[in-house]
Amino acid sequence: MTLLRNFFIFSLIFLHCKSSLESLIRKEPSLVEVKPSSVKFYETILPSLAKKNILLVTNPSGIGSNPEKLMKQFKEKDVRIKYLLGLEHGFLGLEEDFISTPVTIDPIFNVPIYHVYKLKPSDLQLLISGVDTIVFDVQDMGMRCYTYLTVIKRLMDQIPNIKTELIVLDHISPGMEVPAAGEEMKSSNENFAGEFPTLFFSGHTIGESAMFYNSEYLKNKVNLKIIPVENYKRGMYFEKTGLVWNTPSPNLPTLDSARNYLSLVLLEGVNVSVGRGTQAPFIYFGSPYFKDQEELANLLNSSSKDEYYFQPIFFKPFFGPYKDKICRGLRLTIVNLNYNPIKLAYTLIKLIHDKYKKEFKWTGWGQTITIDHLWGTDHFRKSIESDKTYEEFHQKFEKIELEYREKNKKYNLY
């Protein structure tokens, strides 16, 4: 009886623990097999760079998250950081706005930091010609409208020959479960936040995107080395990898912000706040002209199919659109990670457009319309103005999505 009782107790404990583990939405990093690319970089790649001059491109989402360790390890291995390349939000990822000058001296490394968005192609080529290797380690979002894909393209375009090696530390983006989706960019809409030749969602990691571009557009002229994420399997949600979220930019401080960004980034093309300047960027959104947020939330929730939900809120941004003004808005929470972010964005913007006809505006400057730059064509905007359903809107680019998904397969690392 004692043995039977002990077995029964053990079974209950086991089932409870199993249930508890299955209910976890994320994993503790030390308990998983998936390892970030930085592990292999420090262990095996960095020693091979001894006595070489390096152009380093990183920020807190990569090895730049620990500048002291970085300096120590590079010094110990006799690797020289000759230049830093400044990304949109600066080396420490703290800048909201672009730096106004092409070059500054970085206070941590005491080397020149060249701000890529201020450099002409010839300037960038001259910079690259002065180094042996480019080390690129930045978390991307798997989206064309996120500027880090533009940066890697511009670097690859200006690498003069195979003597210069490009090492890319790969990252898994929160949107990896979204296959190639959206439309191609029209050349008239190319901009720093949309230059890489892919669909709105690339369907690739940043390393895979570099391989794609090198093969499809540069005839493999770039001496490219990708450091993969170890033990990752395609289709695995970011939350289940155990990888930590390192902030790639000030307005994506959490994984929730990053997940919401996949849809809410397109709200930057209309006259609402996406929560920049609040404690919840890309979680809150709204405007002083929003009325009846509860009704708006109910309309959105009724079509969500239990994939996400909205809650009415108030917020006051301390910078950005509607600075210091009280905004009525909504809070977005994603429930099903398999949701369609493009469909959500289209449904949301169309509802705002239809509900607030007098107040709603497409934003831009001069002849530039922001939503066209973000999406890549005027089709998103004109479909909403023509009162098309999402299904009618999607019909136009469904075929190109299938073509890209097939073409992408040969560049998949995972």
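The values are calculated or read from the model by the stated rules, or taken from the named source; none is laboratory data. None of these values were measured; they are calculated from a predicted model. Glycine gets a Cβ as well: all are built from the backbone with ideal geometry, and neighbour counts include every protein chain shown.
Taking MET176 as meeting all but one of (1) at pLDDT 95 or above; (2) among the aliphatic types (A, V, I, L, M); (3) surrounded by 18 or more Cβ atoms within 10 Å (Cβ to Cβ); (4) assigned to a loop (DSSP other than H, G, I, E, B), write down the number of the exception.
With (1) at pLDDT 95 or above; (2) among the aliphatic types (A, V, I, L, M); (3) surrounded by 18 or more Cβ atoms within 10 Å (Cβ to Cβ); (4) assigned to a loop (DSSP other than H, G, I, E, B) applied to MET176, the lone miss is (1).
Filter the stretch 183-195 down to residues that are part of a loop (DSSP other than H, G, I, E, B) and touching a residue at least 60 places away in the same chain (Cβ under 8 Å), then give me how many there are.
The number of residues fulfilling the criteria is 6.
Quick one: would you say SER257 is assigned to a helix (DSSP H, G or I), more than 15 Å from the chain's Cα centre (by Cα), among the small types (Gly, Ala, Ser) and within 29 Å of ASN340 (Cβ to Cβ)?
no
Quick one: would you say LEU330 is under 21 Å from ALA258 (Cβ atoms), within 22 Å of the chain's Cα centre (by Cα) and at pLDDT 95 or above?
Details: under 21 Å from ALA258 (Cβ atoms): yes; within 22 Å of the chain's Cα centre (by Cα): no; at pLDDT 95 or above: yes.
So LEU330 does not fit the description; no.
Would you call THR368 out of contact with any Ser or Thr (no Cβ under 9 Å at 6 or more places or on another chain) and more than 14 Å from LEU199 (Cα to Cα)?
yes
So which residues in the stretch 335-347 are modelled with pLDDT under 95 and either crowded, with 18+ Cβ neighbours inside 10 Å or among the charged types (D, E, K, R) (or both), if there are any at all?
TYR339
Could you tell me whether any residue of the stretch 15-28 is modelled with pLDDT under 85, under 25 Å from the mean Cα position of the chain (by Cα), under 21 Å from ARG154 (Cα atoms) and β-branched (Val, Ile, Thr)?
No.
Have a look at VAL272, VAL244, VAL222, VAL229 and point out the one that is within 19 Å of the chain's Cα centre (by Cα), of a type in the set (A, V, I, L, M, F, W, C) and crowded, with 18+ Cβ neighbours inside 10 Å.
VAL229
Do we have any residue at all in the stretch 383-395 that's polar (S, T, N, Q), in contact with an Asp or Glu (Cβ under 9 Å, 6 or more places away or on another chain) and free of Cβ contacts under 8 Å to residues at least 24 places away in the same chain?
Yes, there is a match, as at least one residue in the stretch 383-395 is polar (S, T, N, Q), in contact with an Asp or Glu (Cβ under 9 Å, 6 or more places away or on another chain) and free of Cβ contacts under 8 Å to residues at least 24 places away in the same chain.
Yes or no, residue by residue, for (1) assigned to a strand (DSSP E or B); (2) of a type in the set (D, E, K, R):
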position	(1), (2)
GLU43	no, yes
LYS51	no, yes
LEU56	yes, no
MET71	no, no
PHE74	no, no
GLY90	no, no
PHE109	no, no
ILE113	yes, no
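For LYS350, state whether it is at negative phi and either surrounded by fewer than 14 Cβ atoms within 10 Å (Cβ to Cβ) or in contact with a Pro (Cβ under 7 Å, 6 or more places away or on another chain) (or both).
no
Let me confirm something: among LEU299, LEU266, which residue is crowded, with 21+ Cβ neighbours inside 10 Å and in contact with a helix residue (DSSP H, G or I) (Cβ under 9 Å, 6 or more places away or on another chain)?
Testing whether each residue is crowded, with 21+ Cβ neighbours inside 10 Å and in contact with a helix residue (DSSP H, G or I) (Cβ under 9 Å, 6 or more places away or on another chain) leaves just LEU266.
Which of the residues spanning the stretch 153-182 are among the hydrophobic types (A, V, I, L, M, F, W, C) and free of Cβ contacts under 8 Å to residues at least 60 places away in the same chain?
Within the stretch 153-182, LEU166, VAL168 qualify.
Do we have PHE319 as surrounded by fewer than 16 Cβ atoms within 10 Å (Cβ to Cβ), touching an Asp or Glu at 6+ places or on another chain (Cβ under 7 Å) and among the aromatic types (Phe, Trp, Tyr) here?
Values: surrounded by fewer than 16 Cβ atoms within 10 Å (Cβ to Cβ): yes; touching an Asp or Glu at 6+ places or on another chain (Cβ under 7 Å): yes; among the aromatic types (Phe, Trp, Tyr): yes.
Spelling it out, PHE319 is indeed surrounded by fewer than 16 Cβ atoms within 10 Å (Cβ to Cβ), touching an Asp or Glu at 6+ places or on another chain (Cβ under 7 Å) and among the aromatic types (Phe, Trp, Tyr).
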